[in-house]
1. Could you check, for the range 76-95, whether at least one of its residues is touching a strand residue (DSSP E or B) at 6+ places or on another chain (Cβ under 9 Å) and not small (Gly, Ala, Ser)?
2. What's the total number of residues in the range 1-26 that are of a type in the set (D, E, K, R) and surrounded by 10 or more Cβ atoms within 10 Å (Cβ to Cβ)?
3. Check Leu11, Leu64, Leu35 and return the single one that is without any contact (Cβ under 8 Å) to a residue 40 or more places away in the chain and touching a Phe, Trp or Tyr at 6+ places or on another chain (Cβ under 6 Å).
4. Would you check which residues across the range 27-82 are surrounded by 11 or more Cβ atoms within 10 Å (Cβ to Cβ) and assigned to a helix (DSSP H, G or I) and list them?
5. So for the range 110-124 (the condition being surrounded by 10 or more Cβ atoms within 10 Å (Cβ to Cβ), in a loop (DSSP other than H, G, I, E, B), at pLDDT below 95 and touching a strand residue (DSSP E or B) at 6+ places or on another chain (Cβ under 9 Å)), does at least one residue qualify?
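The values are calculated or read from the model by the stated rules, or taken from the named source; none is laboratory data. None of the values given here were measured: they were computed from a predicted structure. No Cβ is skipped: glycine too gets one built from the backbone with ideal geometry, and neighbour counts run over all protein chains shown.
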Amino acid sequence: MKKFKFTLGLLVIIFVGLVIYQNRAYFFAKQALSLVIVPEKFQWTAPAIENVAYFGGCIIIGILIAGYIGLVSKFRSMKNIKQLNKTILSQTETIESLKSELETFKQSNYLEDSSINNENLLPDNEPILVENQDITYKQEEVQQSVNINKA
């Protein structure tokens, strides 16, 4: 791909050079630009220079404008990337804190705590969906009938 771009760029430069060479009478003729803002009140005339200098100046100004626009978009993208990385970091921290909180609940037997009223935990005849866990209860601990469905 790099060779293709280089070859294409070289062909464009050769084509532009050929056009300038074949029309050198026009491109190397000297012209003076004049600026008239208000008729007969303000008139300014630039020194006479070759037409190829005008074309070159326009190309350089175009490259500078395109470069400025490219830099502005790059800085905006960098700002957005930093903001998104901060969001990712904060969400990762939240996920880690929630995982550690979940581990503490898994490790503690909070269902066996005597302060929890087991009678009002679940309504009657509503199944509990438990995924990939082995849960064993003693007959005395279960006070109401509960269906456990493993997915």
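1. At the first step, the residues of the range 76-95 found to be touching a strand residue (DSSP E or B) at 6+ places or on another chain (Cβ under 9 Å) are none.
Taking every residue of the range 76-95 in turn, none turns out to be touching a strand residue (DSSP E or B) at 6+ places or on another chain (Cβ under 9 Å) and not small (Gly, Ala, Ser).
2. Going through the range 1-26, the residues of a type in the set (D, E, K, R) turn out to be 2-3, 5, 24.
From what's left, surrounded by 10 or more Cβ atoms within 10 Å (Cβ to Cβ): 24.
The number of residues fulfilling the criteria is 1.
3. Working: Leu11 fails: touching a Phe, Trp or Tyr at 6+ places or on another chain (Cβ under 6 Å); Leu64 fails: touching a Phe, Trp or Tyr at 6+ places or on another chain (Cβ under 6 Å).
Only one candidate passes the filter, namely Leu35.
4. Step one: of the range 27-82, the residues surrounded by 11 or more Cβ atoms within 10 Å (Cβ to Cβ) are 27-29, 31, 33, 36, 43, 46, 49-57, 59.
Phe27, Asn51, Val52, Ala53, Tyr54, Phe55, Gly56, Gly57, Ile59, listed by residue number.
5. In the first step, residues of the range 110-124 are kept if they are surrounded by 10 or more Cβ atoms within 10 Å (Cβ to Cβ); the result is 110-112, 116, 118, 121-122.
So of that shortlist, the ones also in a loop (DSSP other than H, G, I, E, B) come out as 116, 121-122.
If we keep only those that are at pLDDT below 95 too, we end up with 116, 121-122.
Add one more test, that the residue is touching a strand residue (DSSP E or B) at 6+ places or on another chain (Cβ under 9 Å), and what stays is 122.
Yes, the conditions are met somewhere in the range 110-124.
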